[in-house]
Amino acid sequence: MDEQHLQKKEEVVESNPEKIIEEKTKKCFLHSAWLPFIFWLVFAGVFYFFAYDLATIKFSDIADKRVINIFSKYSIYAGLVLGLLSMLGGYIIYAILRKTKLKNNVFIYPILVALMNLPWYLFGRQLVYFENRYTDIARGLINYIGYPLLSATKFIFALVLIWILVLIIKILVKKGLNKKVTTAMLILLSPLFLNGCVGDINEWACSFFDDPDHCYQNAGVQDGDTDTCAKIKGEGFNGSNPPRDKCYLRIAENTGDLSACDKIEGGPYSYTKEECILGASVKFKNPEGCLKLSGADKKSCVSQVGPYLLPGSVLEIDDQINILKEELKNNPDAELQKQLDGLEKKRSDYLGVMDEKNKKDYESLSDPMNKKVAMDYYSGRIDQKTKDALTALNDSLRGKGEKLSDQEYKSLSEMMAYKNDPKNNIENMDDAEIVKLRWNEKFGNAVENLKFWNSNPTEAEKKYDEQLLFYQRMLERQAAIEKGLSQKQQDFEREADRVTGYIKDQIYEKITDEAKKQAFGELVDLVDSPASAPVTAILGEAIDTVKKEAQSAEFRGLVRAYNKGMEEELAKAGGNVDKAHAAVTANLQKDPYMYEDKNTFAKYGNILENKDCDGSNPHCIQRDVFWKAMKKSYKYQNK
């Protein structure tokens, strides 16, 4: 019985060639659960093969050396990571196939490999042919990852195709196919074995098309190969070859290679070299191409490319030029000299196309003192406002043929950094410290309390006085900050003019050049009285005024109006204090009595209607500090 069953099984197998293939390949590691793992190893190895040489190249269109260093060091390992992701996906698909009848079909395994390979082919193709090369990171990703990824996936697709064709031939041979047909099949496979390139397969296939020109065009563009474009005959056109010229143009626009444009012949109904150079230069922001043009084309190219040429790119080129110059001093070398000449030309091209704003920024940033300012900013020693002010001063001095000395820079940066330090923002003062009375204030209050003939203030008036105390304390602190004093220095009234005094009395007096004196004086004035902060003299008058008038009906009335306004606006603003505060301050300055009864006895409107403190107003306030104090004290009293 067993012998009869075995004989029948052998007859079935012999009568079914596909079954023979299946039986013989069942035990092959390529038709098992090992396949996704094998794909990972092969994919990583092939990617490494294509990426290794590229990793040693320093592409000239990448200005940031850090980008080059990172991609050169790590790009060769991208295949391991991408292949691992495909392996995981492959095992998921394999697990699903195990539940179906497809697991017994030998063709499903090369299809599985193709599926694992497909996402990375599409990703590589997207990078190489469609992504813009606007930034150094984009260019690094395309050059170091995109090109080897596209080559590796094409190679694996070629292997998959060979695999499928071999399986087909084996089945056909088992069905009795003669040797001549088998030989013909091998000839069809020969382009894969001889060249190992999908592009060559495309070219070979084009010979079978009725319209080979457009086939060659697509193949040439896909591989970026101008030699393939040269095979386009351009039949049907007189005096020009538009399909071939378009092939060169598309390669230039895809790769940025302007040499492809030089091959364009032009003519009726075709494309021009200038059109090709303009399109590629604008897409890749290449100033070299703009300078090859003339007339309206050049103007159009410069206007579109110039704004994208940033100062940092030229500064990077400057650094590379300086390094090469130092190398050539110690070691004259023809190859290094060639690199230096190329960089100097590239620098000249950038400056020749860069727009005026970026060019001025570059001239400013390339100044040694401005570089020092930038370094101090990026290291955290000075803030943005200090950096901008010092850079503006130094640029002004350069325009007058002068420059900041190291001592001047040190003193200015210390003063301005202190004033701009967020810790010295009066809005960050400690509420508990503000409401503490000093010993002399306690003594003064005790004396006032002995004057029984004076009416005692109400609880509401005490709160108004507390809010005005916030105003007084914040005025005093702002005045101390203007002088460059710390809280401790302010308390003990020492070294009142440590920084500003040194700048004005020591540095300014030593400046003999009138042009420099003028520029330097402009900054000192800016530091002492910026538009957003009060000057010390005005602050002093405001302090004296509030000390004398804090308990007057006018000052208390203005505080009362602010509080009534906050109650009304808070309800409208859904409890948002900042939003309500902005509305109240804007409304009170338009109409001081907006939130009050018309017959109020407290005629405080003149305080807002008057000018700021200038020595002529009996009831003046420093508006910026006053409104900050009102908001801070209102929050404190209504926690």
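Going by neighbour counts of Cβ atoms within 10 Å, the residues 581, 619 line up, fewest first, as 619, 581. Subtracting the Cα-Cα distance of residue 318 and residue 345 from 0.36 nm times their residue separation leaves 8.6 nm of extension gain. The residue among 249, 281, 269 whose Cα reaches farthest toward the positive pole of the charge dipole of segment 205-307, with charges on the beta-carbon of Lys, Arg, Asp and Glu, is 281. Here the dipole of segment 33-145 is about 380 debye; that uses its Cα centre as origin and unit charges on the Cβ of Lys and Arg (positive) and Asp and Glu (negative). The label-point distance for residue 265 and residue 227, in a model that sets each label 7 Å from Cα toward Cβ, rounds to 2.0 nm.
Find how much the distance from residue 161 to residue 400 grows on full extension, using 0.36 nm per residue of separation minus their present alpha carbon separation; answer in nm with one decimal.
Details: separation 239, 0.36 × 239 = 86.04 nm, distance 7.24 nm.
Full-extension gain reported as 78.8 nm.
Counting 0.36 nm for each residue step from residue 131 to residue 304 and taking away their Cα separation leaves a gain of 60.5 nm. Sorting 229, 613 from the fewest to the most surrounding beta carbons within 10 angstrom yields 613, 229.
Determine, from the Cβ-Cβ distance of residue 328 and residue 410 and an R0 of 45 Å, the FRET efficiency 1/(1 + (r/R0)^6), rounded to the nearest 0.05.
The value I calculate is 0.80.
Exposure proxy for 245, 213, 578: other Cβ atoms within 10 Å of each Cβ, ordered fewest to most, give 578, 213, 245.
What pairs from 299/357; 463/639; 246/273; 462/639; 603/628 go past 19 Å between their alpha carbons?
Values: 299/357 17 Å; 463/639 14 Å; 246/273 10 Å; 462/639 17 Å; 603/628 22 Å.
Beyond 19 Å: 603/628.
When a/c is below 1.5 the answer is rounded, else prolate if a/b is larger than b/c, else oblate, so apply that to segment 71-129 with a ≥ b ≥ c taken from the square roots of the Cα gyration tensor eigenvalues. Prolate shape, in that a/c is at least 1.5 and a/b is the bigger ratio.
We did not get these values from a lab; they are worked out from the coordinates using the rules stated. No experiment lies behind these values; they were computed from the predicted model shown. Positions of Cβ are generated from backbone atoms using ideal geometry, with glycine treated the same way; all protein chains shown enter the neighbour counts.
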